[in-house]
Amino acid sequence: VSAFVPIAERQDDRLRVILRPSSGVLSSTSLACVVDLTYLGDVVGVEVLDFGRQLSGGTAPISPKGGEVRWSYDPEMDAFYIHVAEGPGQVQRTATAVAFLDSDGRLTAIELQPLPIVS
Amino acid sequence: LIKRSDHIVAAAVKRVWLLSLIATVIVALFGFLAPPASATSPLRAQTRLAVVDLSPGQLVGPHRPAPAVQSRERAPNHDQAASGFYMGAPVCPPVVSSISWCHSRAKSQSYDHPAIDSPGDNYAYDPLYNASGEARLELGPTFVATTHTESGPAARISDGPGLRHAAEGGAAATPAGRVYSWHYLNETGPLRNIPGSVVDETIDQATDTTQLGDRTIYYDAKNDVTVVQSDTTGKIMSVRRGAP
């Protein structure tokens with residue numbers, strides 16, 4: 001059995017980042033976030049301040065150490081950041097994402113739709 | 001008399017003819033026996049190989065190892081208006097406090113980046129950024145910080161892991177001494193590449209300030225930069241381009 005690798009799927013104006021496999025999603029909630037994009041509009045990462053507060057105590061799973069999709073959580077700042085792709089994030093846009101949590105309150109996926117546009 | 005003179009003329013003609021024949025034969029004979037013409041042909045442009053008594057290459061001084069990229073001049077527009085951060089600074093200003101910000105490009109000059117005129121334009125994108133994964137901090141945004149210990153400056157941040165370790169101790173700050181959070185120092189800071197001087201200016205000259213429960217959001221319309229600073233720790237939580 002191959003290990004699960006977090007992935008970021010983009011379809012049209014939707015980005016879905018799957019952090020961990022889950023048999024069932026019990027809840028979802030909206031997240032105010034900041035999206036880092038390149039000048040070409042490619043998403044580099046997503047920043048979520050007040051992560052725990054916005055998820056009502058929800059937590060993030062342990063991030064893989066390598067790979068394109070990885071994340072970190074700073075408990076002191078209650079700030080979460082998930083990398084989607086390598087590259088500079090010259091443009092920042094505020095957005096609202098949807099966070100999907102499993103029964104343990106752990107984040108399993110984040111979905112952004114519509115994706116911010118770089119004008 | 002006439003007959004005799006005709007005879008004399010005919011004899012003279014015969015002699016001339018015979019002499020010319022002999023001369024022709026002699027000239028032809030010398031022509032066959034003569035050496036080839038020795039006149040040089042006119043010079044023409046041509047490509048030839050020749051051995052030149054010069055050492056190949058150019059004269060250089062003693063070898064000095066120069067780390068890749070760091071010795072390369074950046075694009076003219078990179079540091080003119082607002083410089084990015086820099087990794088592996090060869091010269092850092094002395095530690096004047098427990099936390100020091102270092103910018104190697106300026107060679108120990110102060111951090112006097114002018115304000116950003118338009119968002120995004122002054123944060124030059126180094127095309128090598130993508131090419132080198134872990135080396136991104138050397139090319140783009142980089143915090144170089146020193147910590148002050150009993151024995152003097154120590155633990156200069158020079159790479160990703162080192163940066164991370166130092167950041168855990170809250171080692172990097174803006175030129176004015178505002179400490180960055182681990183989150184900003186390791187995640188969004190290197191990506192967004194906003195100079196610390198701009199962070200200070202945004203806070204000091206904010207055109208819009210919003211006080212929340214545990215933080216203050218500063219927005220500077222001139223730079224079009226938003227800074228979120230924690231009121232409990234004083235650390236910079238987040239810095240980004242655009243309005244709050």
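Shielding of peptide A:79-86 by partners, expressed as the average count of other chain Cβ atoms within 10 Å per residue Cβ, is 4.
Take the Cα gyration tensor of chain A, multiply each eigenvalue by 5, square-root it, and list the three semi-axes largest first, rounded to whole angstrom.
Details: eigenvalues 89, 53, 39 Å².
Semi-axis lengths for chain A are 21, 16, 14 Å.
For A:Ala109, the residues 5 or more places off, or on other chains, whose built amide H falls under 5 Å of its own are A:Leu19, A:Phe100. Here the gap between B:Val27 and B:Asp6, fully extended at 0.36 nm per residue and compared with their Cα-Cα distance, gives a gain of 4.4 nm. B:Leu29 exposes around 100 Å² of accessible area when a 1.4 Å probe is run over every protein chain in place. Our estimate of slack between A:Leu40 and A:Arg53, defined as 0.36 nm per intervening residue step minus the Cα-Cα distance, is 1.5 nm. If I build a Gaussian network model for chain A, linking alpha-carbon pairs within less than 10 angstrom, which residue out of A:Thr96, A:Thr59, A:Thr29 has the largest mean-square fluctuation? So, out of A:Thr96, A:Thr59, A:Thr29, the one fluctuating most is A:Thr29. With all pairs of different C-alpha atoms in the average, the Kirkwood value for the hydrodynamic radius of segment A:1-55 is 13.5 Å. Averaged over the residues of A:64-75, the number of partner chain Cβ atoms lying within 10 Å of the residue Cβ comes to 2.
In this simple spin-label approximation, B:Asp208 and A:Phe4 carry label points 7 Å from Cα along the Cα→Cβ vector, and these lie 4.0 nm apart.
Packing, taken as the mean count of other beta carbons within 10 Å per residue, orders the peptides A:73-80, B:209-216, B:186-193 from highest to lowest as B:186-193, A:73-80, B:209-216.
Under 5 Å between amide hydrogens, built in the peptide plane, is the criterion, and for A:Tyr39 it picks out A:Gln90 among residues at least 5 positions away or on other chains. Can you send over the solvent-accessible area of A:Arg14, 1.4 Å probe, protein chains only, in Å² to the nearest 10? We get 60 Å² for A:Arg14. Mean per-residue shielding of peptide B:189-195 is 4, counting Cβ atoms of other chains within 10 Å of each Cβ. Surface burial for B against A, with a 1.4 Å probe and both sides summed, reaches about 2100 Å² of accessible area.
Expressed as a whole percent, the accessible area of chain A that falls on carbon and sulfur atoms is 52 (1.4 Å probe).
The values are calculated or read from the model by the stated rules, or taken from the named source; none is laboratory data. Every value quoted in this text rests on a predicted model; they were computed, and no experiment measured them. Note that we place each Cβ from the backbone using ideal geometry, even for glycine, and neighbour counts take in every protein chain shown. Accessible surface is based on the protein model in full, side chains and every heavy atom, while ligands, DNA and RNA are left aside. Shrake-Rupley method; radii C 1.70, N 1.55, O 1.52, S 1.80 Å.
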